[in-house]
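For reference, the structure discussed in these notes is given below.
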Amino acid sequence: MTLLKSTIRKKGLNNMALLSIGTNAKTIKSDKQGEFLTAILYLAPHKLSGFNVCPKAKNCISPCLNLAGMGAWSITQQARIKKTQFLFEHKKEFLAQLRKELGAFQKKCDKLGKKAAVRLNGTSDLAWHLHKLELEFPRIQFYDYTKVMGYLKARSLNRHFTFSYDGPHNWNDCLKALGQGVNVSVVFKGKLPKTFNGFPVISGDDTDLRFLDKTHCIVGLTAKGPAKKCTNGFVVIQ
Ligand code: SF4
């Protein structure tokens, strides 16, 4: 056994699935009712693993959804940290496993008669488009939320982005995104308003399939987990 293989084995990474299928309450709801099945990659956000996976995170760091739902369990947090370290310390092996899992997921969807949707930045904001997985897996619809304006150039038929509001400091970038036909997600405390800064608000809570949304809209999300107590501007308090 090579040293590399043995290190990966010691860390218990070789048996750990990277993609989560059917573990997100919102995607379970939409997957059950609709034509899509969704797989999500959850890493340890921001610098939790020792590696920064969220280059533009600011106000969203403390209210990050990382701790919502199953993220509240320490076993989930440990798994996300291990996966992130695996990505940064053994990138080639990580990408090989990811490609294998994407292929298997496509096959599973075909068997079930579902369309495949994959969100690689479940709790991160990495430039996955640089690996051009959307070309290797043309029947998978990739989608993500991002705070990095530069990523929007990578939009294609099967790679979709929703830009994320982080508070008044990134509103100008939000306006630029909206001008390019990219929707902006905003977290609200309590009931969703009808409009935000003059733009219509649609609900992003019923489904996670953002690529089906009409454009030039704010995608309203109600505050969950630690976001319920957020007062730094990331969550809009009405
Ligand atoms: S960019 Fe997204 S994943 Fe990263 S800390 Fe902010 S909300 Fe969490």
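The values are calculated or read from the model by the stated rules, or taken from the named source; none is laboratory data. Please read these numbers as outputs of a predicted model, since none were measured by experiment. Note that each Cβ is placed from the backbone with ideal geometry, even for glycine, and that neighbours are counted across all protein chains shown. For accessibility, only protein heavy atoms count, side chains too; no ligands or nucleic acids. Shrake-Rupley method; radii C 1.70, N 1.55, O 1.52, S 1.80 Å.
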(message) Please count how many residues of segment 163-190 are at pLDDT 95 or above and assigned to a loop (DSSP other than H, G, I, E, B).
(response) 7
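Going by what's in this entry, would Leu98 be described as on the phi < 0 side of the Ramachandran plot, within 15 Å of the ligand (Cβ to nearest atom) and in contact (Cβ under 8 Å) with a residue 40 or more places away in the chain?
Numbers: on the phi < 0 side of the Ramachandran plot: yes; within 15 Å of the ligand (Cβ to nearest atom): no; in contact (Cβ under 8 Å) with a residue 40 or more places away in the chain: yes.
For Leu98, the condition - on the phi < 0 side of the Ramachandran plot, within 15 Å of the ligand (Cβ to nearest atom) and in contact (Cβ under 8 Å) with a residue 40 or more places away in the chain - is not met.
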(message) I'd like the full set of residues that are more than 14 Å from the ligand (Cβ to nearest atom), open to solvent by less than 30 Å² (accessible area, probe 1.4 Å) and either under 16 Å from Asp213 (Cα atoms) or in contact with an Asp or Glu (Cβ under 6 Å, 6 or more places away or on another chain) (or both), limited to segment 144-170.
(response) Asn158, Arg159
(message) So in segment 211-235, with the set limited to residues that are closer than 12 Å to Thr162 by Cα and part of a helix (DSSP H, G or I), which one is most open to solvent (accessible area, probe 1.4 Å)?
(response) Leu212
(message) For Thr207, only one of the following conditions fails: (1) open to solvent by 20 Å² or more (accessible area, probe 1.4 Å); (2) in contact with a strand residue (DSSP E or B) (Cβ under 8 Å, 6 or more places away or on another chain); (3) in contact (Cβ under 8 Å) with a residue 60 or more places away in the chain. What is its number?
(response) (2)
(request) State yes or no: is Lys107 open to solvent by 30 Å² or more (accessible area, probe 1.4 Å) and either more than 9 Å from the ligand (Cβ to nearest atom) or assigned to a helix (DSSP H, G or I) (or both)? (result) yes
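Would you be able to tell me the number of residues in segment 198-210 that are over 25 Å from Ala39 (Cβ atoms), outside any strand (DSSP E or B) and touching a helix residue (DSSP H, G or I) at 6+ places or on another chain (Cβ under 7 Å)?
Initial filter on segment 198-210 (over 25 Å from Ala39 (Cβ atoms)): 198-201.
Remaining after also requiring outside any strand (DSSP E or B): 198.
Subset that is touching a helix residue (DSSP H, G or I) at 6+ places or on another chain (Cβ under 7 Å): none.
Summing the residues that are over 25 Å from Ala39 (Cβ atoms), outside any strand (DSSP E or B) and touching a helix residue (DSSP H, G or I) at 6+ places or on another chain (Cβ under 7 Å) in segment 198-210 gives 0.
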(message) Exactly one of these conditions fails for Lys83: (1) farther than 28 Å from Tyr165 by Cα; (2) among the basic types (Lys, Arg); (3) modelled with pLDDT of 90 or more. Give me its number.
(response) (1)
(message) Being more than 16 Å from the ligand (Cβ to nearest atom), open to solvent by less than 70 Å² (accessible area, probe 1.4 Å) and not β-branched (Val, Ile, Thr) is the filter here; which residues of segment 23-80 pass it?
(response) Ser30, Asp31, Gly34, Phe36, Leu37, Ala39
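Can you find a residue that is of a type in the set (D, E, K, R), open to solvent by 10 Å² or more (accessible area, probe 1.4 Å) and within 16 Å of the ligand (Cβ to nearest atom) anywhere in segment 129-137? Give the derivation first.
Residues of segment 129-137 that are of a type in the set (D, E, K, R), as a first pass: 132, 134, 136.
Keeping just the survivors that are open to solvent by 10 Å² or more (accessible area, probe 1.4 Å) gives 132, 134, 136.
In the following step, the residues that additionally are within 16 Å of the ligand (Cβ to nearest atom) were identified as none.
Within segment 129-137, not a single residue is of a type in the set (D, E, K, R), open to solvent by 10 Å² or more (accessible area, probe 1.4 Å) and within 16 Å of the ligand (Cβ to nearest atom).
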